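Novice: I'd like to ask you about the structure that follows.
The values are calculated or read from the model by the stated rules, or taken from the named source; none is laboratory data. What you see is a predicted model; the values in this text were computed from it and never measured. Note that we place each Cβ from the backbone using ideal geometry, even for glycine, and neighbour counts take in every protein chain shown. Surface accessibility is based on the protein's heavy atoms, side chains included, excluding ligands, DNA and RNA. Shrake-Rupley method; radii C 1.70, N 1.55, O 1.52, S 1.80 Å.
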Amino acid sequence: PDELKQYLMELQIPFEVTEDLDSALPLVDLLYWGRPQAERFESETQREEVRIRTPRFQITLERSERMKPTALILHPQPINKDSLEITPEVQYGSGRCITRQQSDNGTPVRMADYLWFLNRSAFESLS
């Protein structure tokens with residue numbers, strides 16, 4: 001989104017926008033991969049269009065092996081049951097996909113966020 005690009009530019013964080021996944025994979029340290037939100041599709045035709053385009057963007061084992069050796073894959077969850085965005089080999093066998101740890105850490109992080117929002121003045125007095 002344009003708002004994110006603007007935010008990154010304001011913070012002087014370098015970034016590049018590309019639609020060529022394969023050329024970008026060897027460069028990334030962290031891949032935060034989204035999912036097609038089937039619940040937002042209005043028709044079966046839209047679902048079929050996503051299935052047709054899936055090979056262009058799906059993270060397969062072959063693609064994950066082109067990433068830096070230390071690169072990790074995150075995902076906002078849930079991963080679609082038909083593995084449209086990340087194949088099971090990558091999810092469970094590559095060691096790169098750390099969505100389980102990401103999910104496990106999500107609850108305490110959200111709890112800390114809520115605590116901060118509800119009791120901001122207490123946190124501000126600590127600094």
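Novice: Measure nothing but the geometry: give the 0 to 90° angle between the long axis through the Cα atoms of 44-57 and the longest principal axis through the Cα atoms of the chain, rounded to 10°.
Specialist: 90
Novice: Can you run phi through the Karplus equation (6.51, -1.76, 1.60; θ = phi - 60°) for region 106-119 and list ³J(HN,Hα) in whole Hz, with x for Gly and Pro?
Specialist: Taking θ as phi minus 60°, the curve returns x, 5, x, 5, 5, 4, 5, 4, 4, 4, 4, 5, 6, 10 Hz for region 106-119.
Novice: For the chain, report the accessible area per residue in Å² (1.4 Å probe, heavy atoms, rounded to an integer).
Specialist: 75
Novice: I want to make sure I understand the PRE zone here: with the label point 7 angstrom from the Cα of E49 toward its beta carbon, which residues in region 79-108 have backbone N atoms less than 14 Å away?
Specialist: Under 14 Å, as judged by backbone N against the label point of E49, lies no residue of region 79-108.
Novice: For R35 and L21, calculate 0.36 nm times their separation in residues minus their Cα-Cα distance, and state this gained length in nm to one decimal. Could the numbers behind the result be given before it?
Specialist: Details: separation 14, 0.36 × 14 = 5.04 nm, distance 1.48 nm.
Going from the current span to full extension adds 3.6 nm.
Novice: While we're here: Quick one: length gained pulling Q101 to L61 fully straight, 0.36 nm per residue minus the C-alpha distance?
Specialist: Gain on extension, Q101 to L61, equals 12.4 nm.
Novice: Related question: Could you work out how far apart the two model spin labels at V28 and Q77 are, taking each label as a point 7 Å from the Cα in the direction of the beta carbon, and quote it in nm?
Specialist: Here the modelled spin labels are 1.9 nm apart.
Novice: Hey, can you grab everything whose amide H is under 5 Å from the amide H of L31? Only 5+ residues off in sequence or another chain; H modelled, so Pro and N-termini drop out.
Specialist: L72, I73, L74
Novice: For the chain, what's the relative contact order in percent, using C-alpha pairs closer than 8 Å and at least 6 residues apart?
Specialist: Over the chain, the number comes to 25 percent.
Novice: Enter the per residue convex hull volume of the chain, computed from alpha-carbon coordinates, in Å³ rounded to the nearest integer. Show your work: numbers first, answer last.
Specialist: On the way: hull volume 22.0 nm³, N = 127.
Normalising the Cα hull of the chain by residue number yields 173 Å³.
Novice: Sort 12-21, 89-98 by the packing proxy (mean of other Cβ within 10 Å over each peptide's residues), most packed first.
Specialist: Answer by packing, highest mean first, reads 89-98, 12-21.
Novice: Determine the share of the chain's accessible area contributed by carbon and sulfur atoms, expressed in whole percent, with a 1.4 angstrom probe. Present the calculation step by step, with values, prior to reporting the outcome.
Specialist: On the way: 5290 of 9540 Å².
Using a 1.4 Å probe with all protein chains present, the chain comes out at 55 percent carbon and sulfur.
Novice: How large is the dipole of the chain about the Cα centre if only Lys and Arg carry +1 and Asp and Glu carry -1, each at its Cβ, rounded to the nearest 20 debye?
Specialist: It comes to approximately 380 debye.
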